[in-house]
There are 6 protein chains.
Amino acid sequence: MKENVFYGKGMKAVEDDYPDLHLAIVGLNEAVFTGKALDYKTQKLIALAITASNSDTRATKRQMESVIKEFGATKDEIMDTLRVVLLTSGMPPFIKAVHLLKKIIE
Amino acid sequence: MKENVFYGKGMKAVEDDYPDLHLAIVGLNEAVFTGKALDYKTQKLIALAITASNSDTRATKRQMESVIKEFGATKDEIMDTLRVVLLTSGMPPFIKAVHLLKKIIE
Amino acid sequence: MKENVFYGKGMKAVEDDYPDLHLAIVGLNEAVFTGKALDYKTQKLIALAITASNSDTRATKRQMESVIKEFGATKDEIMDTLRVVLLTSGMPPFIKAVHLLKKIIE
Amino acid sequence: MKENVFYGKGMKAVEDDYPDLHLAIVGLNEAVFTGKALDYKTQKLIALAITASNSDTRATKRQMESVIKEFGATKDEIMDTLRVVLLTSGMPPFIKAVHLLKKIIE
Amino acid sequence: MKENVFYGKGMKAVEDDYPDLHLAIVGLNEAVFTGKALDYKTQKLIALAITASNSDTRATKRQMESVIKEFGATKDEIMDTLRVVLLTSGMPPFIKAVHLLKKIIE
Amino acid sequence: MKENVFYGKGMKAVEDDYPDLHLAIVGLNEAVFTGKALDYKTQKLIALAITASNSDTRATKRQMESVIKEFGATKDEIMDTLRVVLLTSGMPPFIKAVHLLKKIIE
């Protein structure tokens with residue numbers, strides 16, 4: 001698990017002080033991102049869609065940076081993801097995510 | 001837009017009584033599902049992920065049936081989608097969606 | 001407070017067994033629905049909008065029945081409320097609420 | 001649609017790069033804010049209530065500024081809206097919105 | 001993990017078809033319910049509070065039955081939990097949970 | 001009610017300008033935190049769990065500081081609370097709360 005990339009400093013704190021919990025999260029992370037039927041990049045776009053639909057700025061930003069840097073997702077792929085957020089979750093989470101995307105790409 | 005497939009009876013009621021609103025929804029739907037950078041099936045799996053993460057039984061069931069019947073999504077592709085729901089949204093929405101998937105496939 | 005209308009059997013159970021909590025809820029309810037700057041009916045439509053945007057079938061149905069029966073809200077007024085739900089919260093909660101409205105009115 | 005007022009920089013980015021999506025959003029926006037059965041200001045208060053109930057600081061602030069500047073909503077009208085947020089969504093979103101209101105008005 | 005108690009048929013389906021994911025969930029479950037600083041019953045009441053605050057009927061019912069049958073939680077302990085749901089999440093999730101509690105206990 | 005501790009400046013504004021609403025909130029707060037079947041500290045941990053599961057940074061930080069300063073909650077008690085957030089609500093709200101905890105304690 002690339003926890004420094006995906007989860008930031010919070011994950012480091014868990015690893016240091018709660019190794020049992022850290023192990024369980026690593027195990028979960030590996031069981032989630034199998035990259036079998038769907039490839040890893042698609043799963044990351046799904047994770048991005050869910051965090052964006054929750055209007056969660058911090059998690060959306062992290063997922064967006066991760067899917068761009070690690071998997072080379074394009075602006076158009078992310079926008080196609082956010083179009084679904086617009087339809088299923090409305091304008092406020094959509095426009096917030098578009099604003100984040102603009103700041104990350106520029 | 002295949003509104004009978006995706007939105008059910010509610011959409012028919014909108015079409016009959018509020019044609020202006022119906023037109024706007026059709027326009028939105030078409031602008032969302034462009035199938036350019038991401039294909040339509042991937043966008044439908046993203047929509048499924050968002051409705052499942054909201055624990056919305058009715059919408060999840062509808063998206064699940066649609067992505068299976070219209071796009072031939074496999075059980076493993078849907079499970080790879082739901083794995084991301086588990087990681088980002090926890091056990092209750094995940095297990096509810098797994099239960100729905102089991103009922104639809106059997 | 002017209003708790004039988006607005007909150008159903010759950011509220012009766014609170015009244016019987018937890019009179020202190022019941023009193024606090026009655027006090028809150030009265031402080032919320034003041035009908036001063038906004039009239040009561042508008043506040044009920046706002047409550048309906050929030051429950052509909054949460055895709056909460058049970059609460060939405062109750063608010064819808066209440067605003068129709070107690071305040072004579074029309075189908076068009078409720079649809080104008082649900083239009084805002086569509087824009088701010090997306091298709092799944094909107095279409096679920098339209099479906100409920102159709103069933104209540106017919 | 002007054003997208004500069006309501007949606008900020010994110011909407012400008014959509015207009016520049018995704019004109020098809022922009023057109024669909026403009027169409028949706030116009031179909032939502034009809035101002036027929038309910039007047040525009042009431043619909044904006046409903047939008048404010050929904051964003052406040054979601055604890056979405058950015059969207060709540062934007063809706064609050066818009067309804068005050070464009071429609072002359074008073075502090076008491078907004079408080080009557082937030083009272084409903086308190087009853088339906090609890091203290092954390094209510095108190096966050098009250099705090100925003102205080103900062104905007106002062 | 002007592003998955004038959006906590007997660008129902010969905011979990012059995014995961015165990016049969018996706019043993020890697022099942023193992024990860026068992027590991028997570030064990031790392032979560034440590035019962036060290038907080039006892040297991042308190043953690044279960046916290047899980048109940050979260051599912052109730054999400055207005056998730058199915059998950060709330062399951063948590064409520066589990067904490068009563070497995071840990072002997074009393075009606076008053078559950079009501080003290082739901083009082084916090086009322087304050088933090090509003091009337092609709094609170095009254096729905098009270099209604100469920102009434103049905104389970106009677 | 002210790003509103004300065006729990007609710008901050010927003011509550012002061014309510015007290016000054018809307019005394020009826022303030023009274024109702026004080027009454028609700030007292031009816032919620034009875035400390036009978038569950039002690040006050042446990043109820044505060046439940047409130048913390050709900051705000052953390054909603055990814056509400058502001059409210060989570062406030063609840064965390066309050067339960068540490070007023071009730072002497074330990075880091076391990078809060079982590080046992082957040083473990084339940086992880087299981088029921090997923091990684092993004094969990095890791096955000098862990099990050100807040102780290103900043104508050106250090």
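The values are calculated or read from the model by the stated rules, or taken from the named source; none is laboratory data. In this text, all values refer to a predicted model and were calculated from it rather than measured experimentally. For neighbour counting, all protein chains shown are included, and Cβ atoms are generated from backbone atoms with ideal geometry for every residue, glycine included. Surface accessibility is based on the protein's heavy atoms, side chains included, excluding ligands, DNA and RNA. Shrake-Rupley method; radii C 1.70, N 1.55, O 1.52, S 1.80 Å.
Here's the yes/no breakdown for (1) open to solvent by 10 Å² or more (accessible area, probe 1.4 Å); (2) modelled with pLDDT of 95 or more; (3) in contact with a His (Cβ under 8 Å, 6 or more places away or on another chain):
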| residue | (1), (2), (3) |
| --- | --- |
| F:GLY10 | no, no, yes |
| F:ASN29 | no, yes, no |
| F:GLU65 | yes, yes, no |
| F:ILE68 | yes, yes, no |
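Across the stretch C:50-96, what is the number of residues that are more than 18 Å from D:THR34 (Cα to Cα) and among the hydroxyl-bearing types (Ser, Thr, Tyr)? The number of residues fulfilling the criteria is 6.
Residues in the stretch C:47-59 that are touching a residue at least 12 places away in the same chain (Cβ under 8 Å) and farther than 16 Å from C:LEU86 by Cβ were compared, and the one that is most open to solvent (accessible area, probe 1.4 Å) is C:THR57. Of the helices (runs of 4 or more DSSP H) entirely within chain F, those holding at least 1 residues that are within 14 Å of chain C (Cβ to nearest Cβ) and within 30 Å of B:ILE95 (Cα to Cα) occupy F:40-53.
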